[in-house]
Amino acid sequence: MNKLGFGFLRLPVTPAGEIDLSLLDQMTDVFLAHGQNYFDTAYTYLDGKSEWAIRESLVKRHPRSSFLLADKLPGYKMTSHEDCYRYFKEQQDRCQVDFFDVYLLHWLNGKHYEIAEKYREFGFLEELKKTGKAIKTGFSYHDSADLLDEILTRHPEVDYVQLQINYLDWESSSIQSRRCYETAVKHGKKVIVMEPVKGGALAALPEKAGRLLEKLSPDASQASYAIRFAESLPQVEIVLSGMNTMEQLLDNLACRQPLTEYEQSVLFEAAGLLRNSIAVPCTGCGYCVSGCPKKIHIPEYFRLYNEYKQNPGDGWKIAPVYQNMTASGGGPADCIGCKKCEGSCPQTLPITKFLSDVREAFDDRHS
Ligand code: SF4
Ligand code: SF4
């Protein structure tokens, strides 16, 4: 059982903050050499640099028949049906491919679904299939199971649904991982999993939760349980992981068995402990950053804040990191409350409220 897909949203970076192409090339080669072949990108990932990395590291260096490539149309940006063609052509050019093995509408939710219907984006997907420019189609999804049921009832023609599934969000009332998965199963759709490690949160559990997993096996990584949880679901075909080190890649590639019922019950117990200690359930996707007029690195502040809330005694160590971050770029105190970021957050987080919590924790108490 290895359903691993290589997600190009989080990539290795050099100390200067650029994509580390040399390491990425090595990781791409190792991934293929292990018999895995599914790569995933999107028009908006890393401001277009993800599609560039696909071209440089994968398309230019490996035969087209040796990999499957998934890309996503930013359907929510369309202002006409014709826009679909324009963006698709740009994606073909950026990736230097004639066709995509899987082509998805990116980030459907209630608002974006309205746009998709208005500009006949599902019809566009069908046309791509007929002309051989997309082999399979579908959409990535962030909303309720009820809306998913409605969309799949109206559009039974799609092949895949890409869902946020992990053991922390399985019973979440907002993400609704389990209910969305069951809805996809009901409609006979194959599932592609995103965020199986919840943006890294399930690879760095708080101490108590980590000890529970250690008791299962002292050698297995925390991330491996999160990946196995998603891979164990029968209707799941691909589990995407954003990997930025060779160690992560090799760990994810290691042979795995499906989770036992006992292991699953331990993961749910760990999730309960984790849920109580996560102050901001940010996945670190970075969608909120590019539109921010103050260039505030929102997920980095949330990561720091979560660390602080889990280990309040470490505040004295964390505060200087915070001061350095604010000195080198926009900080929570620079936020003007325009809420552009909140409209871009797939997790629908009240970002401005959380930023003010961050500010209160660090600017007020540690200055
Ligand atoms: S509300 Fe604040 S953080 Fe969000 S986009 Fe505006 S300035 Fe940036
Ligand atoms: S705040 Fe939302 S959009 Fe920004 S990185 Fe976190 S989850 Fe992604």
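The values are calculated or read from the model by the stated rules, or taken from the named source; none is laboratory data. Computed from a prediction, not measured in an experiment: that's the story for all the values here. Glycine gets a Cβ as well: all are built from the backbone with ideal geometry, and neighbour counts include every protein chain shown. Heads up: the accessible areas ignore ligands, DNA and RNA and are worked out on the full protein's heavy atoms, side chains in. Shrake-Rupley method; radii C 1.70, N 1.55, O 1.52, S 1.80 Å.
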(message) Please go through (1) farther than 13 Å from VAL280 by Cβ; (2) outside any loop (DSSP other than H, G, I, E, B); (3) open to solvent by 30 Å² or more (accessible area, probe 1.4 Å) for ILE336 and return the number of the only condition it doesn't satisfy.
(response) (2)
(request) Look at GLY313 and say whether it is farther than 26 Å from TYR141 by Cα, within 16 Å of ligand 1 (Cβ to nearest atom) and not charged (D, E, K, R). (result) no
(message) Please count how many residues of the range 266-286 are open to solvent by 50 Å² or more (accessible area, probe 1.4 Å), under 20 Å from the mean Cα position of the chain (by Cα) and either within 16 Å of ligand 1 (Cβ to nearest atom) or at pLDDT 95 or above (or both).
(response) 0
(request) Restricting attention to the range 289-304, report how many residues are more than 9 Å from ligand 1 (Cβ to nearest atom) and either in contact with a strand residue (DSSP E or B) (Cβ under 8 Å, 6 or more places away or on another chain) or of a type in the set (Val, Ile, Thr) (or both). (result) 1
(message) Can you confirm whether ARG178 is open to solvent by 30 Å² or more (accessible area, probe 1.4 Å), closer than 22 Å to GLU114 by Cβ and out of contact with any Pro (no Cβ under 9 Å at 6 or more places or on another chain)?
(response) no
(request) Report yes if some residue within the range 156-173 is in the same structural domain as LEU46 (by TED's automatic domain parsing), open to solvent by 80 Å² or more (accessible area, probe 1.4 Å) and in a helix (DSSP H, G or I); otherwise report no. (result) no
(request) Looking only at the range 59-115, count how many residues are over 23 Å from LYS189 (Cα atoms), basic (Lys, Arg) and in a helix (DSSP H, G or I). (result) 5
(request) Determine whether the range 21-42 contains at least one residue that is surrounded by fewer than 18 Cβ atoms within 10 Å (Cβ to Cβ), over 20 Å from MET246 (Cα atoms) and assigned by TED's automatic domain parsing to the domain that holds GLY123. (result) no
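Residue-by-condition table, conditions (1) surrounded by fewer than 17 Cβ atoms within 10 Å (Cβ to Cβ); (2) touching a Leu at 6+ places or on another chain (Cβ under 6 Å); (3) outside the structural domain of ASN109 (by TED's automatic domain parsing); (4) in a helix (DSSP H, G or I):
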{"position": "GLN257", "(1), (2), (3), (4)": "yes, no, no, no"}
{"position": "SER290", "(1), (2), (3), (4)": "yes, no, yes, no"}
{"position": "VAL321", "(1), (2), (3), (4)": "yes, no, yes, yes"}
{"position": "ASN324", "(1), (2), (3), (4)": "yes, no, yes, yes"}
{"position": "ARG359", "(1), (2), (3), (4)": "no, no, yes, yes"}
